[in-house]
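A short reminder: the numbers here are calculations on the coordinates, not readings from a lab. Remember, predicted model here, so these are calculated numbers, not experimental data. Positions of Cβ are backbone-derived with ideal geometry, glycine not excepted, and every protein chain shown enters the neighbour counts.
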Amino acid sequence: MRDVAIIATAQTKHVRAATATNEVEMIQPVIQEVIERSGVGRHDFDFTCSGSSDYLAGQPFSFVMTLDAVAAWPPISESHVEMDGAWALYEAWVKIQTGHADTALVYSYGKSSPGDLPLVLSRMTDPYYEAPLWPTSIDIAALQARAAIQAGVTSEQAMADIAYRSRSSAAANPFAQLQNSAQPSALMDEEYLADPLRKHDCAPITDGGVAIVLAAGDKARALCSRPAWIRGIDHRADGHHLNLRDLTTSPSVSIAAEKAGVANGPIEVAELHTCFTHHEPILRAALGLGDDVEVNPSGGPLAANPMMAAGLLRMVEVANRIHSGEVSRGVAHATGGHALQHNLVAVLEGEG
Amino acid sequence: MTDTTSNEPAPIELPAGVWSQPEVDMTAVAELGSVEAVQSVRAFASLTYDYTPGLATTRFLRLIQEKRLVGERCEETGKVYLPPRGVSPVSGLPTTEQVELGLDGTVVSFCVVNLDFTGNAQEIPYVSALILVDGADIPIYGLVREIPYNEVQPGLRLKSVWVEDSELTTSFENIKWWAPNGEPDVPSSELADYI
């Protein structure tokens, strides 16, 4: 295997609605920033890969318009996934492993504000049995939260504590959309949004994006003083139909964690794609994280949730802490689909 | 054997059952045995979106309401984009300088449309062309009228024909169509970069 590292990152200030800019105007400054930070020439990337969704924009091939921001003429080697950018990173990582690239630009973005996000996400369900019922993302998460509470995996109080802790941590994150929180006791007094979920249990609706640069081996060492090496990366999917799964566990996360080598060393920080508070205890258990492991010091998706970018953002947050020397080993998790269906786990490490 | 005496395409033989519904084995569900199987479901879906044109396209649309065509220039390559989307696809950098363009243009490519389709308000045949507006570096689509369709060719000089001033809105539909402006054709060598 080739050594591959994240050598530079950038992200937007995440907001509820970026009403002035179109998608390419929203993501272009982030792409320009990450390219400048990386030290790789604008026209010198061996591979470019992006993640986004036409369902958010309500436009077919919407990602093509954002290619304007990567100087795609003369023609470049480029690909796109209709998935979170974490999977765009995975594709770029594979491309570098095959030897067809030494550097890669990866970006992803989501403008959720044009549509009604919970309804838009209902289109991810199977078209015959579930989609005609228009279950929103919040409805489905509530089913999972109820199952998790009944199984003793979490409690409404524990979920309020997670919301409080995440948004309090986000106070130190200048890019976060939501910062600070009322005390858990006050959160518990709020009305249900979808029993047992209250508003604080749900990630916000966010417009934003993120970009990273990957480089292999000596190139990464030459361009970055402390690269965040991808020591393990794996992704697995559980069944699509909700009724075929035990929603209180995540076997796909456990397999991906094992393949990525999460347990091969101490984990100092974990950035997890928790779109709802009850995801955290499910993921902690599936990843085998001890109670002492700090989860989502950035605030996580509960503080900023740009669809299609929030998973890649987890890698950025871990990589940033490795770049700065704050930690030496961390785990990043990204998810796609409803109720933690498809999961990617990556272990990032610094050297020395 | 292929029938070489006919212009009709040879019949294509398909394996049986390609487009038929496979038999459903319901023997395991005895109580459903007498129930008619569901052959298809039709699930209606619609989603409503707000469209954000963005900063550059908003600037363009505000000015087209004043009967002006204003593109934006890439500072690195000097190319002028119309309509502007905010970013130069060659440099990847924002377009910042607004450039007032002419209201005339040149056909760089075209097609004669002979097929009718739902929602099409034009009488066929008609000409849809890629038109390079004077001062722009990328052609836009437009309808060419007031000339027989078989006389349209690359290099043909055109003027834009607009709706009445009282009907101007923030829309490309302000330009009803394009028509010959009487100037001599532009030599094809000058259009090589735009085809």
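Annotations for the structure displayed:
- Restriction of the GluC sites (Glu not before Pro) in the range B:22-96 to DSSP coil positions whose beta-carbon has at most 15 other beta-carbons within 10 angstrom yields B:Glu23, B:Glu36, B:Glu66, B:Glu75, B:Glu76.
- For the protein assembly as shown, a simple Cβ point-charge model (Lys and Arg +1, Asp and Glu -1, everything else neutral) yields a dipole of about 1280 debye relative to the Cα centre.
- Extreme residue, positive dipole direction of the range A:177-245, given options A:Leu244, A:Leu214, A:His200 (C-beta unit charges): A:Leu214
- Among B:Ala45, A:Leu117, A:Gly290 - extreme Cα towards positive end, dipole of the protein assembly as shown, charges at beta-carbon: A:Gly290
- Alpha-carbon centroid distance for the pair the range B:75-102 / the range A:61-81, whole angstrom: 17
- Residue exposure proxy: A:Tyr55, A:Tyr128, ordered by other Cβ atoms within 10 angstrom of their Cβ from fewest to most, comes out as A:Tyr128, A:Tyr55.
- Compared with the dominant principal axis of the Cα atoms in chain A, helix A:310-323 is inclined by about 60°.
- Normalised contact order of chain B, rounded percent, pairs of Cα under 8 Å and 6 or more residues apart: 16
- Amide H partners (placed H, <5 Å) of B:Ser88, local residues excluded: B:Leu93, B:Thr95
- Long pairs among A:Lys111/A:Lys199; A:Lys13/B:Lys67; A:Lys111/A:Lys259; A:Lys13/A:Lys95; A:Lys13/A:Lys259; A:Lys13/A:Lys199, criterion Cα-Cα beyond 28 Å: A:Lys13/B:Lys67; A:Lys111/A:Lys259; A:Lys13/A:Lys95; A:Lys13/A:Lys259
- Highest GNM mean-square fluctuation among A:Val153, A:Val15, A:Val269, for chain A modelled with Cα contacts below 10 Å: A:Val153.
- GNM flexibility winner over chain A from A:Tyr129, A:Tyr109, A:Tyr90 (Cα, springs under 10 Å): A:Tyr129
- 5 angstrom amide H check on A:His80, placed H, neighbours 5+ away: A:Ser50
- Neighbour counting of Cβ atoms within 10 Å sorts the residues B:Val127, A:Val210, A:Val262, A:Val94, fewest neighbours leading, into A:Val94, B:Val127, A:Val262, A:Val210.
- Between helix B:55-64 and chain B there is an angle of about 70 degrees, using the helix long axis and the longest principal axis of the Cα atoms.
- Percentage relative contact order, the range A:114-221, counting C-alpha pairs under 8 Å, at least six apart: 21
- Taking other C-beta atoms within 10 Å as the exposure proxy, A:Ser155, A:Ser166 rank A:Ser155, A:Ser166 from fewest upward.
- ³J(HN,Hα), Karplus 6.51/-1.76/1.60, whole Hz, each residue of the range A:332-343, x for Gly, Pro: 10, 10, 10, 9, x, x, 8, 6, 6, 7, 10, 9
- Using a cutoff of 8 angstrom between alpha carbon atoms and counting only pairs six or more residues apart, the relative contact order for the range A:1-125 works out to 33 percent.
- Comparing B:Tyr126, B:Tyr149, B:Tyr51 in a Gaussian network model of chain B where C-alpha atoms under 10 Å apart are linked, the largest mean-square fluctuation is found at B:Tyr51.
- Shape category assigned to the range B:98-195 from the gyration tensor of Cα positions, a/c cut at 1.5: oblate
- Cα-based shape type of the range A:36-96, given that a ≥ b ≥ c are square roots of the gyration tensor eigenvalues and the cut on a/c is 1.5: oblate
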